[in-house]
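The values are calculated or read from the model by the stated rules, or taken from the named source; none is laboratory data. Here the structure is a predicted model, which is why all the values come from computation and not from measurement. Don't worry about glycine lacking a Cβ; one is built from the backbone with ideal geometry, like all the others, and counts go over all protein chains shown. Remember, those area values only see protein heavy atoms, side chains included, never the ligands or the DNA or RNA. Shrake-Rupley method; radii C 1.70, N 1.55, O 1.52, S 1.80 Å.
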Amino acid sequence: MSQSSEKAFETLLLEMAQLFELEQQELGHEEAGETASVLREAAGKTEPILAKPYDYDHLVEKTLASAQHPCAVAARDSMPFIQWENTAGILDEYIPDAVSSAFAGNQLMGPGSLIDHPSLRAGLYFQCANSYYALHHHEAVETYIMIDGTGDWTQGDVTTSYGVEGLIHHTSFMPHAFRTFDKPLMAIWRWSGNIDPSTYKMLPDENG
Ligand SMILES: [Fe+2]
């Protein structure tokens, strides 16, 4: 693969680190700072692996073609190394296909991932236009930071529209759901606390 894709992957890790550092600075989340440190440490030292083709690759590429945020640009330029999967490969047994078809996930950091870490997860998230990821919760503490598009994010009883650099934080077991409209959504995500996927559960959802 070209040098530029490898350089872009290094940049992606650094851009993700910078966004999680902002989370730590603005909200005081220590785990966000720890995640940023691991990403920063991995940048330039982690040899990326060529991704296997995934059904949603063309949708992601089309979305990122006009991306402007530096993190989204880095994601676009390192696409050969971004392994998109159903539910980032960790929640397949907990999310019905009818729900998970709304999105694709990527995990760059976590147990057994490219950036191997026992207690922190992080990656990229893509959600199709005009789709709904219904209400769910889990014990892991979670943050999404938008890098392209817009979406309505439900956190408990509150629904808020977020655009690029919108930061959405879910405390442990906070119910959450995401809706897109005419454009897809791209975000980075992280998990801390109890990152065992087995606490994940879909919830009754009158909007689903
Ligand atoms: Fe979540």
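Computed quantities for the displayed model
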quantity	calculated
Criterion violated by ASP92 - all others in (1) surrounded by fewer than 17 Cβ atoms within 10 Å (Cβ to Cβ); (2) at pLDDT 95 or above satisfied	(2)
Top-ranked residue in the stretch 104-122 [being farther than 15 Å from LEU64 by Cβ and touching a helix residue (DSSP H, G or I) at 6+ places or on another chain (Cβ under 7 Å); ranked as surrounded by the most Cβ atoms within 10 Å (Cβ to Cβ)]	ALA122
Cβ-Cβ under 6 Å pairs, at least 6 apart or on other chains, the stretch 133-161 side touching a residue at least 60 places away in the same chain (Cβ under 8 Å), far side away from the ligand (no atom under 14 Å from the Cβ) and small (Gly, Ala, Ser)	ALA134/GLY208; ILE147/ALA72; ASP148/ALA67; ASP148/ALA72
Check on GLY112, more than 11 Å from the ligand (Cβ to nearest atom) and part of a strand (DSSP E or B)	no
Selection status of TYR125, of a type in the set (Ser, Thr, Tyr), touching a residue at least 24 places away in the same chain (Cβ under 8 Å) and under 12 Å from ARG190 (Cα atoms)	yes
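Residue-wise test of (1) open to solvent by 30 Å² or more (accessible area, probe 1.4 Å); (2) more than 15 Å from the ligand (Cβ to nearest atom).
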{"position": "ILE145", "(1), (2)": "no, no"}
{"position": "TYR162", "(1), (2)": "yes, no"}
{"position": "HIS169", "(1), (2)": "yes, no"}
{"position": "ALA177", "(1), (2)": "no, no"}
{"position": "LYS183", "(1), (2)": "yes, yes"}
{"position": "ILE188", "(1), (2)": "no, no"}
{"position": "ASN194", "(1), (2)": "yes, no"}
{"position": "SER198", "(1), (2)": "yes, no"}
{"position": "LEU203", "(1), (2)": "yes, no"}
